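Q: This structure is in structure tokens; I'll ask about it shortly.
Taken together, the values in this text are just the output of simple stated rules run on the coordinates, not laboratory data. These figures come from a predicted structure and were not determined experimentally. Cβ sites come from the backbone with ideal geometry, for glycine too, and all protein chains shown count toward neighbours.
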Ligand code: DGJ
């Protein structure tokens with residue numbers, strides 16, 4: 001019996017006799033291909049992230065349905081579990097949108113990029129996601145919170161926020177705060193650099209669209225989010241229970257127009273992969289580095305290497321998460337989405353090993369690869 005089959009049997013014991021019965025046991029990543037779960041169904045966890053808890057990986061992501069309507073939240077957040085990262089068991093809907101038309105997370109709202117972290121002190125699983133109110137496009141720019149006692153859910157909705165209302169970031173300048181500046185008409189990015197959106201949203205709370213979560217080695221949690229009309233990244237430190245904001249926050253990459261942030265830590269430095277802002281269409285990826293989460297963040301350029309087409313489209317993908325590789329200190333996996341906005345359920349997953357060149361994270365295309373290809377830190 002090969003090791004993959006043994007693993008399948010072990011999973012069956014842990015998660016029930018039906019585990020992996022409907023699909024072949026996988027031992028290879030195939031970026032862009034259909035990725036069957038234990039029922040043989042393409043994994044439905046888009047814009048997702050992964051939590052490792054007690055030896056089990058949980059993959060949370062947007063559950064999409066077919067057609068363009070699938071770009072809005074018709075179901076909620078799907079969760080899968082795995083012990084090897086290749087083979088995923090469908091654990092169902094971890095967070096469900098509401099049937100109540102008056103709820104702010106009613107069916108048809110925008111629910112994007114859900115991420116889950118575990119709080120050691122409260123023993124709660126804490127989910128944050130980007131929430132847009134139904135029928136209001138992307139104008140709400142809220143971040144929302146749901147909590148569960150178990151990794152597979154169900155997660156209970158708590159609240160949504162515009163973060164850090166009435167609180168300036170740690171790196172605010174007097175010029176940023178100055179309300180006397182004339183309204184410039186220089187465009188979105190210049191407005192961000194001038195602090196116009198920061199000031200505009202000071203009273204109501206800052207915008208929060210594409211987002212991710214990061215827990216530092218000391219347990220401090222952060223929400224990293226695209227704000228200021230998507231022109232600037234905001235990094236909000238969370239409270240100890242991860243259920244709110246500590247009031248300490250920073251602006252990063254001001255006026256650089258980033259979406260799809262994914263953060264990881266290697267060798268004491270913090271790295272961020274992100275994208276530009278072209279809706280569902282892919283664009284050249286970005287990377288940045290900092291000595292602390294609250295910055296200063298320094299641009300490192302496009303991490304992609306390959307053909308001009310691959311470099312210009314991040315291999316037809318947009319970042320969503322970076323996963324520390326199991327048992328390989330210093331090795332990380334890029335997770336991206338290849339969106340299919342005309343048939344959202346057909347979105348594909350682009351997972352690639354992160355390589356390094358002169359302290360910069362690098363991505364190269366692979367038709368297929370294995371965890372054994374990943375190198376530990378030099
Ligand atoms: C790009 C974002 O990264 C996605 O999560 C989604 O919000 C699309 N824009 C919508 O156009």
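Q: Return one number: the angle in degrees, 0 to 90 and rounded to the nearest 10, between the long axis of the Cα atoms of helix 3-15 and the longest principal axis of the Cα atoms of the chain.
A: 70 degrees
Q: Then there's this: Taking the Cβ-Cβ separation of residue 156 and residue 299 as r and a Förster radius of 30 Å, what is the calculated FRET efficiency to the nearest 0.05? Don't jump to the answer; show the numbers that get you there.
A: Numbers: r = 39 Å, r/R0 = 1.31.
Here the calculated transfer efficiency is 0.15.
Q: If you count, for each residue, the other Cβ atoms within 10 Å and average over each peptide, how do 210-218, 249-257 line up from highest to lowest? Write down the numbers at each step before the final one.
A: Details: 210-218: 18.8, 249-257: 22.0.
Final packing ranking: 249-257, 210-218.
Q: To continue, here is another question. As a check on your grasp of the helix formula, calculate [θ] at 222 nm for the chain: sum -39500 (n - 2.57) over DSSP H runs of n ≥ 4, divide by the residue count, round to the nearest 500. If you can, show how the numbers build up before the last one.
A: Details: 5 runs with 34 residues, N = 378.
Theoretical 222 nm ellipticity from helices: -2000 deg cm²/dmol.
Q: On average, how much area does the Cα convex hull of the range 133-222 cover when viewed from any direction, in nm²? Walk me through the numbers on the way to the answer.
A: Numbers: hull surface 34.3 nm².
Seen from a random direction, the Cα hull of the range 133-222 projects 8.6 nm² on average.
Q: Let's test the formula: R0 of 35 Å, r as the Cβ-Cβ distance of residue 52 and residue 138. What FRET efficiency results, to the nearest 0.05? Don't skip to the answer; put the middle values down first.
A: On the way: r = 31 Å, r/R0 = 0.90.
E between residue 52 and residue 138, to the nearest 0.05, is 0.65.
Q: Further, regarding this structure: Give the peptides 262-272, 25-35 in descending order of average Cβ contacts within 10 Å, highest first. Let's see the in-between values first.
A: On the way: 262-272: 19.1, 25-35: 16.8.
Packing order, densest peptide first, comes out as 262-272, 25-35.
Q: As a test of the definition: which semi-axes, in Å, follow for the chain when you take the square root of five times each eigenvalue of its alpha carbon gyration tensor? Largest first, please.
A: Values: eigenvalues 214, 111, 79 Å².
Working from the Cα gyration tensor, I get semi-axes of 33, 24, 20 Å.
Q: Now, a different point. For an R0 of 30 angstrom, estimate the FRET efficiency from the Cβ-Cβ distance between residue 376 and residue 220 and round to the nearest 0.05. Intermediate values should be presented prior to the final figure.
A: Details: r = 26 Å, r/R0 = 0.86.
For R0 = 30 Å, the calculated efficiency reads 0.70.
Q: Sticking with this one: Under the 0.36 nm per residue contour assumption, what length would be gained going from the current alpha-carbon distance of residue 99 and residue 311 to full extension?
A: Numbers: separation 212, 0.36 × 212 = 76.32 nm, distance 4.23 nm.
Net length gain for the segment: 72.1 nm.
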